[in-house]
Amino acid sequence: MKSILKVFFIFYFMTFFLMSVYSQQAEKQAQKGIFGTTKKNPFIFTGTIYYLPEGTDRLPDFSKLTPVGKIYTEVLNITPRSFDQGFPGVTDRFEWFAIDYKGKIYIPQNGTYTFSLLSDDGAKLIIDGKIVIDNDGVHPPWEKTGSIYLKKGIHEIEVPYFQGPRWEVALVLSVVKNGKKEIFDMKNFALVKMEETEKVTSLIMSSAILFDFDSFQLKSDAKTILDTVVDFLKDYSYSKIVVEGHTDDIGSENYNLKLSRKRAESVAKYFVKKGIPGGKIETIGYGESKPKYPNTSEENRRKNRRVEIKVIRK
């Protein structure tokens with residue numbers, strides 16, 4: 001009898017434990033949401049949510065609608081699935097809604113880029129105001145592809161999407177790279193990459209976006225990017241900002257050290273000009289001493305040429 005009770009209590013405890021773990025995981029997933037998170041990150045896709053009238057069968061004119069919330073995501077990878085939870089922390093709407101995802105990307109080299117867009121219901125891929133893929137309308141999961149020639153530099157990307165009647169949803173944006181289709185990840189194209197630890201938020205920018213070759217004078221486009229960073233910092237609670245300059249290993253160590261320091265100082269001066277307190281900013285030039293990747297290829301060297309902004313939280 002004791003052995004039976006022992007087995008029963010073990011079974012009961014294990015069941016309770018597993019249900020608790022499952023509940024916590026389900027809660028985290030619900031909080032995260034499949035279309036994005038409410039945690040602000042203006043350097044990836046920003047999705048503006050709208051309600052739609054019942055019976056909508058095409059993407060709407062968003063200028064005539066009122067936003068009901070914003071979400072943020074690095075990828076659009078919602079494979080066909082049921083959706084009945086709404087947007088945790090934003091709205092509980094699970095049908096007759098639309099999301100207009102927008103962002104800015106950096107293309108490292110000229111070329112023709114091929115994308116695919118799977119959606120249920122309608123969606124489009126728009127780059128620099130040009131429709132690359134039109135997958136609009138009420139329909140089951142359909143996938144369409146499209147190509148566009150993009151020059152090296154900054155481009156605007158938009159993916160408007162709408163969901164008609166319940167329950168199935170899908171929205172997957174992919175890009176063809178080296179002959180293989182992979183999920184389009186904003187981290188690989190973002191103008192600013194944000195990394196977070198317990199006390200530090202790092203904002204990482206390619207030097208090619210900010211400066212011309214062998215220069216420490218900010219490009220005109222760079223100022224637009226830095227304005228976004230300034231807006232982010234003004235809404236942030238921090239004790240110090242450290243602006244770091246980094247180079248690759250081409251050239252003399254002493255020259256790279258000076259160039260990296262001057263680039264860090266150029267960014268810091270712009271921040272002060274835009275209202276960030278100079279007393280809270282520190283600049284450091286590391287030259288080639290702290291590569292993120294081995295300097296064994298041009299792609300790795302390009303990634304190592306960067307400016308990092310370390311935001312020390314209070």
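Full extension of the chain between VAL68 and GLU158 yields a length gain of 30.5 nm, computed as 0.36 nm times the residue separation minus the alpha carbon distance. Relative contact order for segment 43-98: 45 percent, from Cα pairs under 8 Å spaced at least 6 residues apart, divided by residue count. For segment 213-314, the share of alpha carbon pairs falling in successive 5 Å distance bins from zero is 3, 13, 22, 23, 18, 13, 6, 2 percent. Go through LYS104/LYS124; LYS130/LYS151; LYS262/LYS314; LYS152/LYS181; LYS102/LYS130 and tell me which ones have a Cα-Cα distance over 18 Å in this structure. In this structure, LYS262/LYS314; LYS152/LYS181 exceed 18 Å between Cα atoms. Available extension along the chain between GLU143 and ILE107 is 10.6 nm, counting 0.36 nm per residue and deducting the alpha carbon span. Between the helical axis of 2-32 and the longest alpha-carbon principal axis of the chain there is an angle of about 50 degrees. Other residues within the sphere of radius under 11 Å centred on the Cβ of ARG313, judged by their own Cβ, net out at +2 (K and R +1, D and E -1). Here the Gaussian network model covers the chain, with springs between Cα atoms less than 10 Å apart; of LYS193, LYS39, LYS303, LYS39 fluctuates the most. For segment 81-92, 3J(HN,Hα) computed residue by residue from phi via the Karplus equation (6.51, -1.76, 1.60; θ = phi - 60°) reads 6, 7, 9, 9, 9, x, 9, x, x, 10, 7, 9 Hz, glycine and proline entered as x. Helix 220-234 and the longest principal axis of the C-alpha atoms of the chain enclose an angle of approximately 60°. For LYS151 and THR197, a Förster radius of 25 Å and the Cβ-Cβ distance give a FRET efficiency of 0.10, rounded to the nearest 0.05. Among PHE211, PRO42, ASN178, whose Cα lies farthest out toward the positive end of the dipole of the chain, if unit charges sit on the beta carbon of Lys, Arg (+1) and Asp, Glu (-1)? Working it through, the farthest residue towards the positive pole turns out to be PHE211. Restricting to Cα pairs below 8 Å that are 6+ residues apart, what does the relative contact order work out to for segment 38-188? Please round to a whole percent. It rounds to 30 percent for segment 38-188. Using the Cα coordinates of the chain, the gyration tensor eigenvalues translate into equivalent-ellipsoid semi-axes of 39, 29, 20 Å, sorted from longest to shortest. Both radii are taken from the alpha-carbon atoms of segment 38-188; with Rh as the Kirkwood radius, Rg/Rh is 0.95.
Taking the number of Cβ atoms within 10 Å of each Cβ as an exposure proxy, the fewest-first ranking of ASP136, ASP121, ASP57, ASP84 is ASP84, ASP57, ASP136, ASP121. Rg and Dmax over the alpha-carbon atoms of segment 229-285 stand at 12.9, 40 Å.
In debye, nearest 20, what is the charge dipole magnitude of segment 193-313 about its Cα centre with +1 on Lys and Arg Cβ and -1 on Asp and Glu Cβ, if you could check?
For segment 193-313, the charge dipole is close to 360 debye.
For GluC sites (Glu not before Pro), no site in segment 212-297 is both called loop by DSSP and has at most 11 other Cβ atoms within 10 Å. Summing charges over neighbours of ALA98, with a neighbour being any other residue whose Cβ is under 14 Å away from its Cβ, gives -3 when K and R count +1 and D and E count -1. Between GLU168 and GLU54, full extension at 0.36 nm per residue minus the direct alpha carbon distance yields a gain of 39.4 nm.
Using the rule -39500 (n - 2.57) for each DSSP H run of four or more residues, divided by the residues of the chain, the 222 nm mean residue ellipticity is -8000 deg cm²/dmol.
Distance between the 7 Å Cα→Cβ label points at LYS187 and ASN254: 4.0 nm.
Normalised by the number of residues in the chain, what is the relative contact order in percent for Cα pairs under 8 Å and 6+ residues apart? For the chain, the relative contact order is 15 percent. Taking label positions 7 Å along the Cα-Cβ direction at both LYS234 and LYS39, the computed distance is 2.5 nm, reported to one decimal.
For THR79 and ASP212, what is the calculated FRET efficiency with R₀ set at 41 Å and r taken between the beta-carbons, to the nearest 0.05? Numbers along the way, then the final one.
Details: r = 42 Å, r/R0 = 1.02.
The pair THR79/ASP212 has a calculated efficiency of 0.45.
Since every read-out is calculated from the coordinates, none of them should be taken as a lab result. These numbers come from a predicted model, not from an experiment. Here Cβ is always computed from backbone atoms with ideal geometry, including for glycine, and neighbour counts include all displayed protein chains.
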